[in-house]
Ligand SMILES: Nc1ncnc2c1ncn2[C@@H]1O[C@H](COP(=O)(O)OS(=O)(=O)O)[C@@H](OP(=O)(O)O)[C@H]1O
């Protein structure tokens, strides 16, 4: 075959392979937040989308040279995890990942959950050498804490876990206000009651049993597992209240990593006692906690990049009926958490 024909065939092959990867990576991206196309409405036509595809391709190819996280901010959503991420990123020995939240368990790297795929989201050994730490601040992990804890343990048995918590009713209300404003999501414009009912319906979903089965597989030696396509939509329909089931979440992480490797951080400490709390986290991670820090109140938390929110207005307050629904939903979790932390329920937050 003439050289030019081979050249053309090779070029065609590369173009097809690139096209397939581009399509796949954007299916993954939109699976993690279905229907919300954020700043990427038409990934085929957008240079910025192709730039991201190329970065992700490069990261997949160089995956073996990348670090896995040394620690995780594994939850919970709407508890100040974005602020904590931004504060920790100020430490000179902490290197940030590609995305603030990997959304790995929502299929951001495809439905197969493997170490190779996960590594692609983190810095290389050159960018994050010995002595430095990298991390994942994926609060969506708290939606499937059993699977997340089992996978993290499998990949990084020595990792440390940070869990931030807040009065569950307030966090759920914050989530409701936020979700109802994310453009194009299935719950955009939903009232609290509609989200509550949706979540109650999803409790019966067979996907929770599937997640439990995958967790058992990881706990008993599997190195990777594959989610079915229905898991992400089911989990995303349960975002209002599940992420605040702190007793369940704490149990899943403590039972696998041990109490010493799990740090609980109160949202109120992040909000009111910010610098001392951030230094406490540095010390927990084994980092120099006496470094100079800027005025933390002036640090603008990095936003979740790919969501388009209709307006930034503050949420109204919940009605007495809505408050009562949430209180009763979280009653058992509160009691168990107080028992686990050996304190009175009023002192939890
Ligand atoms: N420093 C400080 N002081 C007081 N409040 C703070 C602070 N940092 C974050 N927040 C509040 O935390 C809520 C957002 O939490 P997350 O960043 O975890 O949200 S997310 O899950 O990443 O979307 C969100 O809560 P609501 O205002 O109730 O919606 C933020 O206002």
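Laboratory data are not the source of any read-out in this text; all were calculated from the coordinates shown. Since this is a predicted model, take the numbers as computed values, not measurements. Counting neighbours? That spans all protein chains shown, and the Cβs are built from the backbone with ideal geometry, glycine included.
Okay, here's what the table says:
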| item | result |
| --- | --- |
| Potential lengthening between residue 255 and residue 346 on full extension [0.36 nm per residue; Cα-Cα distance subtracted] | 30.2 nm |
| Fraction of antiparallel bridges per DSSP, the range 65-347 only, in percent to nearest 5 | 20 percent |
| GNM result for the chain, Cα springs below 10 Å: residue of 76, 316, 124 fluctuating most strongly | 316 |
| Kirkwood Rh, angstrom, the chain [1 / mean 1/r, Cα pairs] | 21.4 Å |
| Potential lengthening between residue 48 and residue 12 on full extension [0.36 nm per residue; Cα-Cα distance subtracted] | 10.7 nm |
| Label point 7 Å beyond Cα of residue 321 along Cβ direction - residues of the range 187-225 with amide nitrogen under 20 Å | 189-201 |
| Most mobile of 209, 139, 171 in a GNM of the chain (Cα contacts under 10 Å) | 209 |
| Binned Cα-Cα distances of the range 172-307, short to long, each 10 Å bin given as a whole percent | 9, 26, 32, 26, 7, 0 |
| Cα long-axis angle, helix 3-32 against the chain (0 to 90 degrees, to the nearest 10) | 10 degrees |
| In degrees, nearest ten, helix 145-155 long axis to first principal axis of the chain (Cα) | 50 degrees |
| Cα convex hull of the range 234-278 - mean projected area over all directions, nm² | 4.4 nm² |
| Difference of contour (0.36 nm per residue) and Cα-Cα distance, residue 115 to residue 299 | 63.0 nm |
| Contact order normalised by residue count of the chain, Cα under 8 Å, 6+ apart, percent | 24 percent |
| Most mobile of 183, 78, 160 in a GNM of the chain (Cα contacts under 10 Å) | 183 |
| Two-site FRET efficiency, residue 268 against residue 40, from Cβ-Cβ distance with R₀ of 35 Å, rounded to 0.05 | 0.45 |
